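None of the figures in this text is laboratory data; all of them are computed from the coordinates on show. Source: prediction; values computed, not measured. Please note: Cβ atoms are built from the backbone with ideal geometry, for glycine as well, and neighbour counts cover all protein chains shown.
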Amino acid sequence: MNTEIANIRHNYSQKILLESDAEKNPFKQFEKWWQEATHAEIDEVNAMTLATATPEGIPFARIVLLKDFSEKGFTFFTNYGSRKAQQLEKNPHACLVFFWKELERQVRIYGAVQKADPSESDQYFRIRPEESRIGVYTSPQSQVIESREWLDNRFEKNKQLMSGKPIQRPDYWGGYIVLPHMIEFWQGRPSRLHDRLQYTLQDNHQWIVERLAP
């Protein structure tokens, strides 16, 4: 064993998470933590791990950016031809993980996934920077390409054709919404005895809160 790696550790001691202080609704609890995270000026506070799986159960994970959340769910955007989109087409379930190390907090979200309404995807596409919109037309996401030079040349050609003109969202790009059925809030505590509160959606559309052993 590489003891230099094995001895890397941090003793969490900033905050606590008790049932008496937690919201009964997980979306309100997320909103509370979200506000605290944004006020803490965490770099890329909306960065989250998105885990998907193939129909055979082979997992894949990557970092994506949260672009909206409400009691309906958590929204991100991508190319519908990407690897993640192909997996979601066949296995429409996912897990999201936020890790805000500055606050010693983690949020895990499990749920079904559905495409966002086209109007919502149009609305977000319009507010993206122009070069990001051009990039959508440039990159055949997740496909094998011949070189970085090929990608850069393709971008420059598209930039010459599209800059300063209206750029509409292509049908192959848009949003997904993760519809949670379970959300876990993790607060780091000393001696690895962390606080973990799990919210689970019941058949009567009510949420129950349970404490998990760390």
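Yes or no: the range 104-114 includes at least one residue that is at positive phi, buried (at least 16 other Cβ atoms within 10 Å of the Cβ) and assigned to a loop (DSSP other than H, G, I, E, B). Taking every residue of the range 104-114 in turn, at least one turns out to be at positive phi, buried (at least 16 other Cβ atoms within 10 Å of the Cβ) and assigned to a loop (DSSP other than H, G, I, E, B).
Given the structure, is residue 195 without any contact (Cβ under 8 Å) to a residue 60 or more places away in the chain and under 30 Å from residue 98 (Cβ atoms)? Against the criterion (without any contact (Cβ under 8 Å) to a residue 60 or more places away in the chain and under 30 Å from residue 98 (Cβ atoms)), residue 195 does not qualify. Please find, within the range 77-99, the residue that is nearest to the chain's Cα centre (by Cα) out of those that are under 17 Å from residue 117 (Cα atoms) and not small (Gly, Ala, Ser). By that ranking, first place goes to 77. Filtering the range 149-181 to residues that are under 27 Å from the mean Cα position of the chain (by Cα) and assigned to a helix (DSSP H, G or I) leaves 151, 155.
Take the residues of the range 7-21 that are of a type outside the set (Val, Ile, Thr) and closer than 14 Å to residue 105 by Cα: which is surrounded by the fewest Cβ atoms within 10 Å (Cβ to Cβ)?
At the first step, the residues of the range 7-21 found to be of a type outside the set (Val, Ile, Thr) are 7, 9-15, 17-21.
From what is left, the residues that are closer than 14 Å to residue 105 by Cα are 10-15, 17-18.
Working: 10: 8, 11: 10, 12: 20, 13: 11, 14: 11, 15: 14, 17: 19, 18: 10.
In this case the residue turns out to be 10.
Taken together, the residues in the range 102-119 that are among the acidic types (Asp, Glu) and farther than 19 Å from residue 13 by Cβ amount to 1. For the range 113-129, which residues satisfy the criterion of being within 12 Å of residue 177 (Cα to Cα), polar (S, T, N, Q) and free of Cβ contacts under 8 Å to residues at least 60 places away in the same chain? Correct list: 121 only.
When the range 146-183 is limited to residues that are touching a Lys or Arg at 6+ places or on another chain (Cβ under 9 Å) and over 18 Å from residue 122 (Cα atoms), the one that is surrounded by the most Cβ atoms within 10 Å (Cβ to Cβ) turns out to be 183.
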